[in-house]
Each structure stands twice: as structure tokens, then as C-alpha cells.
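Notes follow the structure.
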Amino acid sequence: MNLRSFAAALAVTVALPLGAASAADLEVTHWWTSGGEAAAVAEFAKAFDATGNHWVDGAIAGAGSTARPIMVSRLTGGDPMGATQFNHGRQAEELVEAGLMRDLTDVATKENWKDIIKPASLLDSCTIDGKIYCAPVNIHSWQWLWLSNAAFKQAGVDVPKNWDEFVAAAPALEKAGIVPLAVGGQPWQSAGAFDVLIVALAGKDTFLKVFGDKDEEVAAGPEIAKVFKAADDARRMSKGTNVQDWNQATNMVITGKAGGQIMGDWAQGEFQLAGQKAGTDYTCLPGLGVNEVIATGGDAFYFPVLKDEEKSKAQEVLASTLLNPATQVAFNLKKGSLPVRGDVDLAAANDCMKKGLDILAKGNVIQWTDQLLSTDSQKQKEDLFAEFFANPSMTPEDAQKRFAEIIASAD
């Protein structure tokens with residue numbers, strides 16, 4: 001069965017999946033505001049509206065680092081939305097512990113989430129004290145280097161196959177007036193790029209010792225020193241980016257103004273919206289072409305405790321709708337992410353998505369820093385790398401010393 005017929009056949013299953021007898025308007029807050037993201041979230045809204053309820057879009061511009069404090073402020077201030085996006089992991093941990101988030105265990109049990117959501121670590125990230133508090137909707141992996149085929153052609157060099165070849169091609173790109181590496185000015189982008197460098201260049205075991213075990217000695221050691229040398233290369237190569245938002249940096253790759261970008265697979269939504277074809281117009285290197293591993297991070301929706309009974313029933317319908325097979329296919333194809341269900345047909349996936357699916361099938365996956373570090377520790381790391389990328393006078397050695405101190409006190 002092809003994708004279109006599969007989706008059409010399942011579309012009717014979206015309507016009133018839990019037998020809701022009433023309908024309600026439900027505000028849903030999220031930070032999906034780029035062109036590709038907006039196209040993807042529209043699939044969720046369409047599916048939820050088909051149940052007779054109404055998705056009230058509460059998009060907050062500026063990415064998660066801007067949106068999350070606003071979301072948290074509303075929740076703690078007594079102004080809850082109907083549902084809200086967070087990343088898989090520990091971002092909503094304190095909100096759950098404060099009793100502000102709804103227990104979804106009954107919905108999850110009724111719909112067999114433990115059997116259909118793969119890998120199991122996704123649902124584990126939603127589980128606190130044996131209860132399930134969120135609905136995972138995708139697998140987003142950070143570990144990608146996106147390359148503009150046109151930029152390398154203009155520079156007269158072959159499209160790189162790995163990180164070392166990319167660094168070696170930088171002078172030719174610069175000579176052609178092309179920024180080698182686009183890195184936006186928001187702190188999470190430079191911090192995320194560094195995390196990708198760790199797992200790609202130092203390996204999975206070192207990554208987990210640093211962020212999982214919080215091993216200060218490894219963080220201060222020679223393997224991570226090599227990563228800081230690569231981060232120094234990335235800092236030099238990104239000089240001249242002069243944009244803030246991640247999707248603006250992606251657009252530099254799409255238009256050939258930059259050679260590449262280290263960014264999560266959500267960048268695929270922008271390439272798709274621009275009509276570019278994977279393997280023809282752009283190239284993707286999972287694990288920077290060095291260590292093909294992807295993280296099982298991504299997005300999940302939490303449902304605040306509400307007093308309104310109709311809205312509470314609509315929350316259950318939305319939770320079910322987000323994990324409906326047809327909805328999973330429609331959303332993830334536009335988002336560039338992988339579905340959390342292991343039983344859906346992704347025959348229409350492009351070359352880059354197929355690479356991700358292959359890595360996932362082989363089980364070469366890890367938990368990401370959102371799942372391993374508290375939000376406070378993540379913020380300290382982001383502040384460090386924002387300063388490192390903005391201040392060329394900070395040496396890799398000084399930055400590594402501060403990084404080891406953050407890891408030593410991380411929780």
C-alpha cells in the first residue's frame with residue numbers, strides 16, 4: 001500500500017478516537033514557527049479538528065529557549081493551556097512534581113503506547129514514578145551535517161563525506177565568498193553543535209560518560225580536548241554567519257551562501273519547503289559522516305491539569321490523535337523527523353530520512369542531553385558555548401576547564 005492510500009484509509013480513525021461525546025477549543029502552545037515546522041504542525045491541527053474539537057494555535061516564536069520560560073510562567077501562574085510542547089526528557093520534570101501536569105496513564109494503557117512507541121526510552125522519558133505524563137510525537141536527532149551541493153560546486157571542491165573533509169574544504173569555500181559553516185546566534189545552536197561533535201568525534205561511550213555519568217575527569221581529559229579543537233575549527237568556520245534563528249542559518253545552506261550546518265533533522269522541513277531534493281541539491285551526513293549514531297530526543301506534548309471537564313476530555317482526544325498512525329505519517333514527513341510508532345508506512349521518506357530509519361533499525365541510538373541533564377545544567381552549557389563562539393579570545397583550553405566544572409556539578 002502506498003503512503004497516500006495508507007493515509008486515506010486511516011484518516012477516518014482520527015475522528016473521536018476515544019469516543020468523546022463533546023467538543024472543545026483547546027489551546028496548544030509550541031515553538032514550531034519556521035516554514036517547514038508550520039506546515040508540519042498544521043497536520044496535527046487538521047487531524048484534531050477532524051474529531052469535532054478545535055486546535056487553537058499558540059505558537060511562540062524564538063525556538064524552545066524563548067518559548068519554554070513563557071510556557072512555564074503561564075503554568076506556574078495559574079493560566080494553563082490545553083496542551084504544550086516540550087522536548088523528551090527532563091524539561092517538564094518540576095512541573096510534573098508540582099502537580100501541574102495531567103497523568104495520561106489511562107490513555108496510554110487503553111491505546112497500548114508501551115507496545116507501539118519505539119524505542120521504549122521515548123515513553124520512559126515521559127514516565128515519573130510509574131505514571132505517564134506526556135505523549136511523544138517524533139524522534140528528532142541532532143547529529144547531522146547538512147551540505148549545499150551547489151556551494152561546493154561553486155568552490156570547485158567535492159562535496160565532503162565526513163567532518164575532516166569538510167574542515168579541509170573551508171578555505172576553498174571562503175575564497176569563493178561562501179561561509180563554510182552556518183551557526184545561528186542563539187546559544188542552544190552552538191551548544192548543540194558541540195554535543196554533536198562529542199558523539200561524532202569522541203564516540204558514544206565518551207558522550208555517555210560525560211553527560212550520563214557526569215564524569216568530570218573524562219570531561220577534562222584528552223578525548224574532549226580533541227573535541228574542543230574541532231569546536232575551535234567550527235567557530236572559525238562560522239565567522240560571518242550573522243543570523244540568529246536556526247532556520248535562517250539553514251536558508252544560507254539552501255541558497256548556497258553557506259557550505260554546511262550542524263543541525264537536527266528538523267532542517268529537512270526547510271529543504272522540503274524550498275523544493276530541494278536530498279542527494280541532489282543537498283547532502284546529509286549523520287554523525288558528521290564519522291560515527292553514524294542518532295539520539296532518541298524529540299518532541300512530546302504534556303497536558304496541564306484543567307478544571308473544565310469538556311477541555312479535559314478534549315485533551316484525551318488530542319493525546320490519542322497525536323499518535324494516530326495517519327497523523328504520525330503526515331506530521332513526520334513534513335517535519336523531517338522519524339515517527340515514534342514502529343508500525344507505520346514511510347515509503348515516501350527521502351534519502352536522508354531513510355538513513356535515519358536505517359540507523360534506528362540497527363539500534364545505534366543514544367539518549368540526548370535533554371534527557372540526561374537538568375534544564376539548569378543545559379542552560380549553563382548553552383551560556384558557555386554562546387560565549388565561546390562569540391569570543392575568539394577564549395581558548396579551547398579555558399573553555400574545556402569551564403565545561404568540566406559544569407559537568408562536575410551537573411544534575
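Figure legend. Inter-residue proximity from the range 394-411: first residues surrounded by fewer than 17 Cβ atoms within 10 Å (Cβ to Cβ), second residues among the hydroxyl-bearing types (Ser, Thr, Tyr), beta-carbon distance below 8 Å, spacing 6+ or different chains. Indicated pairs: 409/377; 411/374; 411/377.
Here's the yes/no breakdown for (1) surrounded by fewer than 17 Cβ atoms within 10 Å (Cβ to Cβ); (2) within 21 Å of the chain's Cα centre (by Cα); (3) in contact (Cβ under 8 Å) with a residue 12 or more places away in the chain; (4) farther than 26 Å from residue 338 by Cβ:
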{"residue": "122", "(1), (2), (3), (4)": "no, yes, yes, no"}
{"residue": "125", "(1), (2), (3), (4)": "no, yes, yes, no"}
{"residue": "136", "(1), (2), (3), (4)": "no, yes, yes, no"}
{"residue": "140", "(1), (2), (3), (4)": "no, yes, yes, no"}
{"residue": "143", "(1), (2), (3), (4)": "no, yes, yes, no"}
{"residue": "152", "(1), (2), (3), (4)": "no, no, yes, yes"}
{"residue": "157", "(1), (2), (3), (4)": "no, no, yes, yes"}
{"residue": "161", "(1), (2), (3), (4)": "yes, no, yes, no"}
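Taking the range 272-291 as the range and being surrounded by fewer than 24 Cβ atoms within 10 Å (Cβ to Cβ), touching a Lys or Arg at 6+ places or on another chain (Cβ under 8 Å) and at negative phi as the test, the residues that pass are 272, 284, 286, 291. Of note, residue 288 satisfies the criterion of being closer than 30 Å to residue 205 by Cα and either in contact with a Leu (Cβ under 6 Å, 6 or more places away or on another chain) or of a type outside the set (Val, Ile, Thr) (or both).
For the condition among the hydroxyl-bearing types (Ser, Thr, Tyr), surrounded by fewer than 20 Cβ atoms within 10 Å (Cβ to Cβ), at pLDDT 90 or above and closer than 26 Å to residue 83 by Cβ, residue 312 qualifies. Among the residues of the range 340-352, the ones that are assigned to a helix (DSSP H, G or I) and open to solvent by 40 Å² or more (accessible area, probe 1.4 Å) come to 1 in all. Taken over the range 242-255, the criterion of being open to solvent by 10 Å² or more (accessible area, probe 1.4 Å) and more than 16 Å from the chain's Cα centre (by Cα) is satisfied by 242, 243, 244, 248, 251, 252, 254, 255.
Checking the conditions here, which among 219, 193 is crowded, with 23+ Cβ neighbours inside 10 Å and either within 14 Å of residue 410 (Cα to Cα) or free of Cβ contacts under 8 Å to residues at least 12 places away in the same chain (or both)? It would help to see each step written out before you state the result.
Values: 193 fails: either within 14 Å of residue 410 (Cα to Cα) or free of Cβ contacts under 8 Å to residues at least 12 places away in the same chain (or both).
Going through 219, 193 in turn, just one is crowded, with 23+ Cβ neighbours inside 10 Å and either within 14 Å of residue 410 (Cα to Cα) or free of Cβ contacts under 8 Å to residues at least 12 places away in the same chain (or both): 219.
Being of a type outside the set (A, V, I, L, M), outside any helix (DSSP H, G or I) and surrounded by 15 or more Cβ atoms within 10 Å (Cβ to Cβ) is a property that does not hold for residue 99. The single condition from (1) closer than 24 Å to residue 251 by Cβ; (2) in a helix (DSSP H, G or I); (3) small (Gly, Ala, Ser) that residue 121 fails is (1).
Taking the criterion of being in a helix (DSSP H, G or I) and open to solvent by 10 Å² or more (accessible area, probe 1.4 Å), the residues of the range 173-190 that qualify are 174, 175, 187, 188.
Yes or no: residue 76 hydroxyl-bearing (Ser, Thr, Tyr), closer than 26 Å to residue 131 by Cα and under 18 Å from the mean Cα position of the chain (by Cα)?
Details: hydroxyl-bearing (Ser, Thr, Tyr): yes; closer than 26 Å to residue 131 by Cα: yes; under 18 Å from the mean Cα position of the chain (by Cα): no.
Spelling it out, it is not the case that residue 76 is hydroxyl-bearing (Ser, Thr, Tyr), closer than 26 Å to residue 131 by Cα and under 18 Å from the mean Cα position of the chain (by Cα).
I'm checking my understanding of the structure. Among residues of the range 292-309 that are part of a loop (DSSP other than H, G, I, E, B) and aliphatic (A, V, I, L, M), which one is least open to solvent (accessible area, probe 1.4 Å)? Steps first, please.
Start the filter on the range 292-309 by keeping residues that are part of a loop (DSSP other than H, G, I, E, B), which leaves 292-293, 296, 298, 303, 305-308.
Within this subset, residues satisfying the condition of being aliphatic (A, V, I, L, M) are 293, 305-306.
Working: 293: 0, 305: 81, 306: 39 Å².
Checked the range 292-309; the qualifying residue least open to solvent (accessible area, probe 1.4 Å) is 293.
On inspection, residue 355 passes the criterion of being more than 24 Å from residue 27 (Cα to Cα), in a helix (DSSP H, G or I) and out of contact with any Lys or Arg (no Cβ under 8 Å at 6 or more places or on another chain). Of the residues screened, residue 331 is not one that is at pLDDT 90 or above, under 30 Å from residue 113 (Cα atoms), open to solvent by less than 50 Å² (accessible area, probe 1.4 Å) and not in a helix (DSSP H, G or I). Given the structure, is residue 196 within 25 Å of the chain's Cα centre (by Cα), aliphatic (A, V, I, L, M), in a helix (DSSP H, G or I) and within 27 Å of residue 276 (Cα to Cα)? In short, yes. With respect to residue 380, determine if the residue is polar (S, T, N, Q), open to solvent by 20 Å² or more (accessible area, probe 1.4 Å) and at pLDDT below 95. Judged against the criteria, residue 380 is not a match. Does the range 163-172 include one or more residues that are modelled with pLDDT of 95 or more, within 18 Å of residue 366 (Cβ to Cβ), assigned to a helix (DSSP H, G or I) and small (Gly, Ala, Ser)? No, the conditions are met nowhere in the range 163-172.
The values are calculated or read from the model by the stated rules, or taken from the named source; none is laboratory data. Source: prediction; values computed, not measured. Because the Cβ atoms are built from the backbone with ideal geometry, glycine has one as well, and the counts that use them run over all protein chains shown. Keep in mind that these areas ignore ligands, DNA and RNA; they rest on the heavy atoms of the full protein, side chains included. Shrake-Rupley method; radii C 1.70, N 1.55, O 1.52, S 1.80 Å.
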